[in-house]
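The values are calculated or read from the model by the stated rules, or taken from the named source; none is laboratory data. The structure presented is a predicted model; accordingly, all values stated were derived computationally and were not measured. Neighbour counts are summed over all protein chains in view; Cβ atoms, including those assigned to glycine, are modelled from backbone coordinates with ideal geometry.
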Amino acid sequence: MLLYDIYMIYIGLLILIIGVLIGVAFLTLFERKVLGYIQIRKGPNKLGINGILQPFSDAVKLFTKEQTYPNFSNYIMYYFSPVLGFILSLLIWMVIPYYFNMVSFNLGVLFILCCLSLGVYTVMIAGWSSNSNYSLLGGLRAVAQTISYEVSLAMIFLSSLMLIMDYNMLIFSFYQKLVWFIFIMFPLGLCWVSSMLAETNRTPFDFAEGESELVSGFNVEYSSGGFALIFLAEYSSILFMSLLFVLIYMGGFVLNIMFYLKLTLISFLFIWVRGTLPRYRYDKLMYLAWKSYLPISLNFLLFFLGVKIFLL
């Protein structure tokens, strides 16, 4: 019986990964469509009905292109850093609190934070191992930005954890039956939204790929499959950050259609911001992280700690 259960866990995880990959594929189509309508045009509309098959065409094109390697690159690291980044971005999904996938454990939050921290290394190695000045600069920018916002992200997360006093992701839904946490901690929720935009290197914080001076950032030397894996990892983390926001602030994990609608809404927010906001300035980005979000999150943390002690 035990062996059967283990097999079922693996099958469940495999289905979850396939689901995430399909979700990522259609998120790219969703983004191109929304950006199209923001710019008063149609977006992809040739393949299939209204361009529904476009993601599959993109995938085939990316993975069948010729792969190029810079002569002076550090080949092994250059080759494996996108693979490692992609694996890490899928690994975080293992702990989302489905009632039946058996990997949702009591220290899920710590696991998520560890995986997010490890993601920095893949960006750093990808930028450095290409042995190109542009990719190194892009990698340095991305790493500095990600590390800075990880601090405020963890602090904001701690305020929510202070209220539930548990590291298990499932517990969030029990505490939000009557009122969502977004109403209790609205300013922190807004800080979380902009921090997760910065954490995933999205507009208006996409300094890793400031077109004018860095061409395409840390992934400038990648083509074909390597580029596709970096791309997949980025969009997978966008979906995961949206999921995390819904878990923490918008009612936790409740397995119904509303949960997925909320997830789609937050993913739409990422795209909406990309379509409407211009790029920020790098020094202002760093100022925002260290001089604004860090003090705010620390103050809220002390406040909720006081509330918790008072209620006990």
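Here are some notes:
- Leading residue by the ranking (modelled with the highest pLDDT) among those in the range 72-108 that are assigned to a loop (DSSP other than H, G, I, E, B) and more than 27 Å from residue 254 (Cα to Cα): 74
- Residue 285 being at pLDDT below 90 and under 21 Å from residue 192 (Cβ atoms): yes
- Selection within the range 27-55 - in a helix (DSSP H, G or I), surrounded by 15 or more Cβ atoms within 10 Å (Cβ to Cβ) and not acidic (Asp, Glu): 27, 28, 29, 30, 32, 33, 34, 35, 36, 51, 54, 55
- Residue 31 being closer than 27 Å to residue 143 by Cα, of a type in the set (D, E, K, R) and out of contact with any strand residue (DSSP E or B) (no Cβ under 7 Å at 6 or more places or on another chain): yes
- Total residues in the range 48-97, condition under 30 Å from residue 168 (Cβ atoms) and not hydroxyl-bearing (Ser, Thr, Tyr): 13
- Meets criteria (of a type in the set (Val, Ile, Thr), in a helix (DSSP H, G or I) and touching a residue at least 60 places away in the same chain (Cβ under 8 Å)) for residue 9: yes
- Enumeration of residues in the range 123-145 that are hydroxyl-bearing (Ser, Thr, Tyr), part of a loop (DSSP other than H, G, I, E, B) and more than 20 Å from residue 232 (Cα to Cα): 132
- Residue match in the range 164-186 (condition: in contact with a helix residue (DSSP H, G or I) (Cβ under 7 Å, 6 or more places away or on another chain), in contact (Cβ under 8 Å) with a residue 40 or more places away in the chain and closer than 21 Å to residue 273 by Cα): yes
- Residue in the range 294-312 that is over 22 Å from residue 173 (Cα atoms), at pLDDT below 90 and not aliphatic (A, V, I, L, M) present: yes
- Residue match in the range 261-274 (condition: under 30 Å from residue 70 (Cβ atoms), under 18 Å from the mean Cα position of the chain (by Cα), buried (at least 21 other Cβ atoms within 10 Å of the Cβ) and at pLDDT 90 or above): no
- Hey, residue 104 crowded, with 17+ Cβ neighbours inside 10 Å and more than 22 Å from residue 234 (Cα to Cα) or not: yes
- Residues satisfying the stated conditions in the range 281-312, i.e. buried (at least 17 other Cβ atoms within 10 Å of the Cβ), within 30 Å of residue 34 (Cα to Cα) and not hydrophobic (A, V, I, L, M, F, W, C): 293
- Residues satisfying the stated conditions in the range 193-214, i.e. aliphatic (A, V, I, L, M) and at pLDDT 85 or above: 193, 196, 197, 198
- Of the residues making up the range 65-76, those that are surrounded by 13 or more Cβ atoms within 10 Å (Cβ to Cβ) and within 12 Å of residue 226 (Cα to Cα) are 65, 69.
- Residue match in the range 88-98 (condition: touching a residue at least 24 places away in the same chain (Cβ under 8 Å) and hydroxyl-bearing (Ser, Thr, Tyr)): yes
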